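A.B. asks: This structure is in structure tokens; I'll ask about it shortly.
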Amino acid sequence: MTTKEIRSKSDSDLQKLLAEKRNELREARFNHAARQLKNVKLLRVVKSDIARIHTVLRERDIVSNLSEK
């Protein structure tokens, strides 16, 4: 998922997507531990997506705090 796609979503959509990605990461970790995960790169990709979502949410939070002052 690209940053452009993430920025186009609303905050509530991002929160839902974040929960889905966290669940996907948890499932991938369990599968990796059980040696059932074929694509190990999936762990890195999902973590990067989570970080991108957090970054966009934080940017929006900072901008809203600056506009209030």
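Computed from the coordinates by the stated procedures, all read-outs in this text should not be read as laboratory data. The structure displayed is predicted, hence computed values, not measured ones. Note that each Cβ is placed from the backbone with ideal geometry, even for glycine, and that neighbours are counted across all protein chains shown.
A.B. asks: Grab the DSSP H runs of the chain that are 4 residues or longer, score each as -39,500 (n - 2.57), total them, divide by all residues and round the 222 nm result to the nearest 500 deg cm²/dmol.
C.D. replies: Numbers: 3 runs with 56 residues, N = 69.
Calculated at 222 nm, the ellipticity per residue is -27500 deg cm²/dmol.
A.B. asks: Which lysines, if any, have their Cα less than 21 Å from the Cα of residue 38, not counting same-chain residues under 8 positions apart?
C.D. replies: 21, 47
A.B. asks: If the only charges are +1 at each Lys and Arg Cβ and -1 at each Asp and Glu Cβ, what is the size of the charge dipole of the chain around the Cα centre, to the nearest 20 debye?
C.D. replies: Working: 17 positive and 10 negative charges, 83 e Å.
Roughly 400 debye, rounded to the nearest 20.
A.B. asks: Let me ask something else. Just how many % of Cα pairs in region 10-69 lie over 16 Å apart, if you round to the nearest whole percent?
C.D. replies: Summing the P(r) tail past 16 Å for region 10-69 gives 52 percent.
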